[in-house]
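The values are calculated or read from the model by the stated rules, or taken from the named source; none is laboratory data. These figures come from a predicted structure and were not determined experimentally. Every residue, glycine among them, receives a Cβ derived from its backbone with ideal geometry; neighbour counts consider all protein chains shown. Note: areas computed on protein heavy atoms with side chains; ligands, DNA, RNA excluded. Shrake-Rupley method; radii C 1.70, N 1.55, O 1.52, S 1.80 Å.
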Amino acid sequence: MEEYRLPKLPYEYGALEPYIDEATMRLHHSKHHQAYVDKFNAALASVPEFRAKVKSAEKLLEDLNAVPESIRAAVRNHGGGAVNHSFFWSVLSGERQSPQGEVSQEIGRKFGGIEKFKEAFSASAAGVFGSGWCWLVAGAGGLEIMTTPNQDSPLSFGKKPLLALDVWEHAYYLKYQNRRTDYIAAWWNVVNWEQVEKNFRLAMKR
Ligand code: MN3
């Protein structure tokens, strides 16, 4: 695979105000995400023959056991960080959106309604100990809420991410300090449900 590139955000740094502030977005994307990308690329550069055979960063995360041991932890942490953040930016939007499409119906069926789903997801996100992520994923049993520690990806557990929430302190501390639950409540206002629906349709086609 080629070098992993930091994706350009599909909106301005200030687009998610007041829910996610511009300073946090700037730092999170240009410093934190960039650092994961750089360290991921450095790890891959140390195993050029293996790297040449890799199809994508996502494929690497889907089968960590196939990754050379010398870079496995780096791929898990920095490759995970690179991919997770690229995904995270894609499921955020400055345009206020409502749950829509098939994914909205499936959420309703699986969780007993959108509000119940939001409550369960928010509780899971609030309950992540230390640094990690909360996800809506498609797995063998349909839709699930799951959490991962650090930068672990649902892809490494055979799940397809549909929606992600970064609950590392760097994602909210500037504006919300220790109030993670306030950040979670605000974050619902910037979910890109149109993209979540696209992710759902893609995941169902596999
Ligand atoms: Mn982050």
### Query
Taking the stated definitions as given, is LYS8 of a type outside the set (Phe, Trp, Tyr), out of contact with any strand residue (DSSP E or B) (no Cβ under 6 Å at 6 or more places or on another chain) and not in a loop (DSSP other than H, G, I, E, B)?
no
### Task
Would you please name the residue that is least open to solvent (accessible area, probe 1.4 Å), looking only at residues in the range 170-187 that are part of a helix (DSSP H, G or I) and among the hydroxyl-bearing types (Ser, Thr, Tyr)?
TYR183
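Kindly establish whether PHE121 is under 17 Å from the mean Cα position of the chain (by Cα), modelled with pLDDT of 95 or more and open to solvent by 30 Å² or more (accessible area, probe 1.4 Å). Break it down into steps so the answer makes sense when it comes.
On the way: under 17 Å from the mean Cα position of the chain (by Cα): yes; modelled with pLDDT of 95 or more: yes; open to solvent by 30 Å² or more (accessible area, probe 1.4 Å): no.
In short, no.
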### Task
Examine the range 36-49 for a residue that is open to solvent by 60 Å² or more (accessible area, probe 1.4 Å), within 16 Å of the ligand (Cβ to nearest atom) and either farther than 23 Å from TYR172 by Cβ or without any contact (Cβ under 8 Å) to a residue 60 or more places away in the chain (or both), and state whether such a residue exists.
yes
### Query
What's the number of the condition LEU60 fails, among (1) more than 14 Å from the ligand (Cβ to nearest atom); (2) surrounded by fewer than 21 Cβ atoms within 10 Å (Cβ to Cβ); (3) in a helix (DSSP H, G or I)?
(2)
### Query
Which one of these does LEU136 not meet: (1) under 27 Å from GLU17 (Cβ atoms); (2) more than 14 Å from the ligand (Cβ to nearest atom); (3) out of contact with any Asp or Glu (no Cβ under 8 Å at 6 or more places or on another chain)?
(3)
### Task
Within the range 153-169, track down each residue that is open to solvent by 40 Å² or more (accessible area, probe 1.4 Å), within 15 Å of the ligand (Cβ to nearest atom) and out of contact with any His (no Cβ under 9 Å at 6 or more places or on another chain).
GLU169
